[in-house]
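Structure first, commentary second.
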Amino acid sequence: MDLRNLPACIQDVVLSAQDTDPGPPEPLDYHQLRGRIEAARVTLPPLYREAVLVPFLTILDQLGPQGYAEVLLRDPNREREAGLLLDAAHTILQNGENYLLVATDAFEEVVSDLYDGFLSAEDRRGVEPPDLGVIPPLVKWGNPDFGPYTWPVDVTSAVLDMDAGIVNLPPAHARSGLLAWAALGHEVGGHDILHADVGLPEELSAAVNERLAAEGLPALGNYWSERIDETASDVLGILNMGPAAGIGLIGYFRGLSLAFGGPGKLRNRGPSADPHPADILRGFLAGYTVARLRFDQAAAWSQAILAETEKDLVPAELVLAGTKVSPDDARKSARLVADTIVMHKLTALEGHALGSIQNWRNRDELKVEDMRRLLVTGVGTLSERVTEGVYAAHLVAAAVTAALAAEADVKRIFDRMIRLLKQMHDQNPSWGPLFIRHRGDVTPHYFYPYPSRMT
């Protein structure tokens, strides 16, 4: 692996993070909003009309103009019920009104693929369908101060009766900030997956706590388990997108630090109130998770990610929830957490481990290599032959690793990635006229490998 262009990728994140484009204005007028939602009905595929648009219209009708205005007044910072309600509106409106059309479709394709990769019939053999969301989230642009985030399906279902989650990116990421796209594995492959099965986060939390206590690290067991949502989401992102999600996390955090006046390094301190583990722990966790992937270069990639993390380690500042921790204990805890989350067999998943349902293999790396060549050479389109078995996660991973290589043109690679993701989305059957929940569900099972399918 070649990481010599990591500084340029970090600078790309800095420029993107400093872009304050807020996206489209809030739909404050109730009657106008309802009319626009109705007009967007024909632009959504049947799957999302039934799962998202119809329930949202029902909620709007129940609220009426006065109730809608009251919700907005009660949450002026848009961090609770008003934030959710407006984000749900934007997911429908931005898709229906062609806001940032190419980038929006590219964004939706990545989100759909990451969700499909864990929940499709092709990959989930022996595991019951999730208790809640069974279709991919819808996407939107906005809220640059909040960064990437998601409303998982357990929230959208409980409040709005919608059967899909919502994923947000700042609008600047439609134009730049490549490493932020690697973070989508954390949001969709992580948070949205965790919250689709009832009891899954709690079971993982208990397993992590027990494992670290048994290894003589009870305090760190409490620290990690209390942050299981963010912790497991990091791991799931890597299982879904490979080492690009791990190295992308480090570069993205460094870029955000620089953008907001920091030193451009992973933070060693983990405040008690922060639901995320300290950055330095997340770097170690990424490295040890990559070591558990099932491809030949896993060990080499793991060492590269751990080496990058070590560059930012400051032992004197390694304080987690008010307690000083030794670097050795921090590393050991991250290794044990990675092993537990990847390998522990879970009752919520019918006795399967997360790492047995989703993992990164040699065939994934070969697809990434093919996509990386296309991105670097600037091919115009993706032929059906080239894209057979290739998913959006492969393309994002290819873009990240291509941009990290010496003398890479990050902007050009980013623009090509967006264009090719849009092409993939145009071919996605879930966005066609049929009720197809996951692209992976439309997969024939052949009796014999006929030569016409082998060539």
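The values are calculated or read from the model by the stated rules, or taken from the named source; none is laboratory data. These numbers were taken from a predicted model, which means no experiment stands behind them. Using ideal geometry, Cβ is built from the backbone for each residue, glycine included, and neighbour counts are taken over all protein chains shown. The area values use the complete protein model at the heavy-atom level, side chains included, leaving out ligands, DNA and RNA. Shrake-Rupley method; radii C 1.70, N 1.55, O 1.52, S 1.80 Å.
Annotations
- Prolate/oblate/rounded call for the chain, Cα gyration tensor, a/c under 1.5 rounded: rounded
- Candidate lysines - alpha carbon under 24 Å from Lys265, same-chain residues fewer than 8 apart omitted: Lys311, Lys324, Lys332, Lys411
- When Trp360, Trp151 are compared by accessible surface with a 1.4 Å probe, the order from highest to lowest is Trp151, Trp360.
- In a fully extended conformation the segment linking Arg361 and Ala273 would gain 28.0 nm over its present Cα-Cα distance, using 0.36 nm per residue.
- Virtual spin-label span in nm between Lys345 and Leu57, 7 Å along Cα→Cβ: 4.8
- Stretchable slack from Gln66 to Gln297, in nm (0.36 nm times residue separation minus alpha-carbon distance): 77.3 nm
- Rounded to the nearest 10 Å², the accessible area of Ile238 at probe 1.4 Å: 10
- Region 326-427: C-alpha gyration tensor shape, a/c 1.5 cut-off, then a/b vs b/c: oblate
- Tensor-based shape of region 288-365 (alpha-carbon gyration tensor, a/c under 1.5 rounded, otherwise prolate or oblate): oblate
- From phi via Karplus (6.51, -1.76, 1.60), per-residue ³J(HN,Hα) for region 224-229 in Hz, x at Gly/Pro: 5, 5, 5, 10, 5, 4
- Gain on full stretching of the segment that runs from Glu210 to Glu369 - 0.36 nm per residue minus C-alpha separation: 53.3 nm
- Amide H to amide H distances under 5 Å link Leu346 with Gly351, His352, Ala353, where only residues 5 or more positions off or on other chains count and H is placed in the peptide plane.
- Rolling a 1.4 Å probe over the protein heavy atoms of the chain, with every protein chain left in place, gives an accessible area that is 54 percent carbon and sulfur.
- Calculated [222 nm] ellipticity per residue, helices only, for the chain: -17000 deg cm²/dmol; basis is -39500 (n - 2.57) per DSSP H run with n ≥ 4, divided by all residues, nearest 500.
- Heavy-atom surface of region 154-230, accessible at 1.4 Å and reported per residue (Å²): 29
- R0 of 51 Å, Cβ-Cβ distance Glu203-Glu38: FRET efficiency to nearest 0.05: 0.75
- For region 180-187, putting each phi into the Karplus relation 6.51 cos²θ - 1.76 cosθ + 1.60 with θ = phi - 60° gives couplings of 5, 5, 5, 6, 5, x, 5, 6 Hz, in residue order, rounded to whole numbers and with x for Gly and Pro.
- Once all protein chains are placed together, Ser176 keeps about 20 Å² accessible to a 1.4 angstrom probe.
- Accessible surface of Lys311, taken over heavy atoms with a 1.4 Å probe and every protein chain present, rounds to 130 Å².
- Mean accessible surface per residue for region 269-384, computed with a 1.4 Å probe while every protein chain stays in place, in Å²: 44
- Residues whose amide H falls under 5 Å from that of Trp360, counting only those 5 or more places apart or on a different chain, are Arg294, with hydrogens built in the peptide plane.
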